[in-house]
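We did not get these values from a lab; they are worked out from the coordinates using the rules stated. Please read these numbers as outputs of a predicted model, since none were measured by experiment. All Cβ positions, glycine included, derive from the backbone under ideal geometry; neighbour counts span all protein chains shown.
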Amino acid sequence: MRKIITFLGDRGALQTTYSYKDNLYTGGVFAEALRQFCEYDIMLVCVTEKAKENTWSVLEQLNDSRIKPIDIPTGRQTDEMWQTFRVITEYVDEGDSVVFDITHGLRSLPFLVFLFAAYLKAAKNVTIDAIYYGALELGNYKNGVPAPVIDLSEFVEMLDWLTATNSFVEIGDGQALANLLHRAIPSSVELQNDPSTRPMRNQLKNAAEAIETISLALSVTRPIEAIKSATRLQETLTQSAPSFEQRAKPFALLAERVVKEYGQFALENPTEFAKNLKLQLQMIEWYIRRDKVVQAVTLAREWLISVLILKFGLQEFMFDSKNNRKYVENSLNNAAEKRKPHPRSIIPSGYDEHFEALLEADELAKLWGQISELRNDIAHVGMRSAPLSAAKLKENAVLLYPRLQEISHALLPH
């Protein structure tokens, strides 16, 4: 159902001519003009006691059964504003389409309406079709200059872009932001009628896909892919800036924040493993700060193996999980087992001697054992006789990071 929500002032009617899309409409209050060009099922007219007494008659005389008054308080205190908020939201149902008119009423009204719009979109899946303002002060009825009608609804979208960007930057979930960019892509009709929009389509599509790719790569702990994606994201957002200005103005103001956040993981050549592993260490911290303990611990375990592979001069076998990488992992397992009070029998690895020759061997063995136990606890999803609590898992992950930093300083090239 399409509903207009309008507000009446208490100073009575003033016959005014409004200009909307090159057509003129006249009304004693803006709602009278609005009904002439805006289709609706119900018009909900918010009136204070004085407005009902002085102004409501203008709309009442239209004898339109779709126009209904709603009593609201004056709004002298915040409690009364909250009351207005509750009253209005009670009249809006799930999935409605809403048009707001903020021409009349208190000057605090535009601020409240934008909050109404944001709430209704999030809580009731409402579509905000328009937020109209009949700009009386920009017209001049004495000289026959009509008051222009301005639609402010695109500024409500700023809240959507802010929320989506914040979600991407703060928790790494870029899907909402990518969806907004996809929606900004010119339609097939626009592309057919105006071929100049095709570069915009490509730039917006590439930006959305770059955000989706790095978001997913970070979500499923793919550090190499995330590093490659960060490089592509940085380049894509820079190249797409002109299209943001034309089709996604809010993001034109926010893109720099995204580049700053994810640019820290960019690396032109991911096979520069010393730099790559330092970025992965930053990624572990990034996960920890966002309470992504599973990803942090999973990456930390593989990161230790990768550091030793580089230290042993085996970088060409960095991804050889069946042979060299597995043997280095075995040397870590063996070292941790040897240092237990009652070690089990072990199968020697070809890199045991390399490992024991390191000055940091004892710390590495201890750290490996703790990470392995933490990873196992996580992998069993609490289905153990004495699982760690979620809070304890996070605490242990936080305590790991400074020790990983020490290993980085000791074993990675500066």
So the number of lysine pairs in the range 193-342 with alpha-carbon atoms under 22 angstrom apart, 8 or more residues apart or on different chains, is 20
Per the Cα gyration tensor, the range 177-218 corresponds to an equivalent ellipsoid with semi-axes, largest first in Å, of 24, 9, 5
For K394, counting only aspartates and glutamates whose alpha-carbon sits under 13 Å away and dropping same-chain residues fewer than eight positions off, the answer is E285, D291, D377
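Under the classification rounded if a/c is under 1.5, otherwise prolate if a/b is larger than b/c and oblate if not, where does the range 42-123 fall, given a ≥ b ≥ c as square roots of the Cα gyration tensor eigenvalues?
Working: a/c = 1.94, a/b = 1.19, b/c = 1.63.
In terms of gyration-tensor shape, oblate.
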Residue by residue through the range 20-29, the couplings from Karplus 6.51 cos²θ - 1.76 cosθ + 1.60 with θ = phi - 60°, in Hz, x for Gly and Pro, are 9, 6, 6, 10, 10, 9, 10, x, x, 10
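What per residue convex hull volume, in Å³, comes out for the range 157-269 when only alpha-carbon positions are used?
With only Cα atoms used, the range 157-269 gives 90 Å³ per residue.
Rank-order 90-102, 400-412 by packing density, defined as the average count of other C-beta atoms within 10 Å over each peptide's residues, highest first.
On the way: 90-102: 18.0, 400-412: 15.5.
So the order, starting with the most tightly packed, is 90-102, 400-412.
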Cα pairs beyond 43 Å in the chain, in percent, come to 39
Long-range share for the range 2-155, i.e. C-alpha pairs more than 27 Å apart as a percent of all pairs, stands at 17
Using eta = 0.890 mPa s and T = 25 °C, Stokes-Einstein with Kirkwood Rh from Cα pairs puts D for the range 259-314, in µm² s⁻¹, at 206
Residue-ordered couplings for the range 370-378, obtained by feeding phi - 60° into the Karplus form 6.51 cos²θ - 1.76 cosθ + 1.60 and rounding to whole Hz (Gly and Pro as x), are 5, 5, 4, 5, 5, 5, 5, 4, 5
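Taking the convex hull of the Cα atoms, report for the range 271-414 its projected area averaged over all directions, in nm². Write out the running numbers ahead of the final one.
Values: hull surface 36.2 nm².
Quarter of the Cα hull surface area: 9.1 nm².
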Taking the alpha-carbon centre of each part, the distance from the range 232-247 to the range 13-27 in Å is 40
Taking every DSSP bridge whose two residues both lie in the chain, the antiparallel percent to the nearest 5 is 30
For K68, counting only lysines whose alpha-carbon sits under 22 Å away and dropping same-chain residues fewer than eight positions off, the answer is K3, K50, K52, K124
Taking the alpha-carbon centre of each part, the distance from the range 277-321 to the range 172-204 in Å is 36
Cα extents of the range 221-334 per principal axis, largest first, Å, are 59, 30, 19
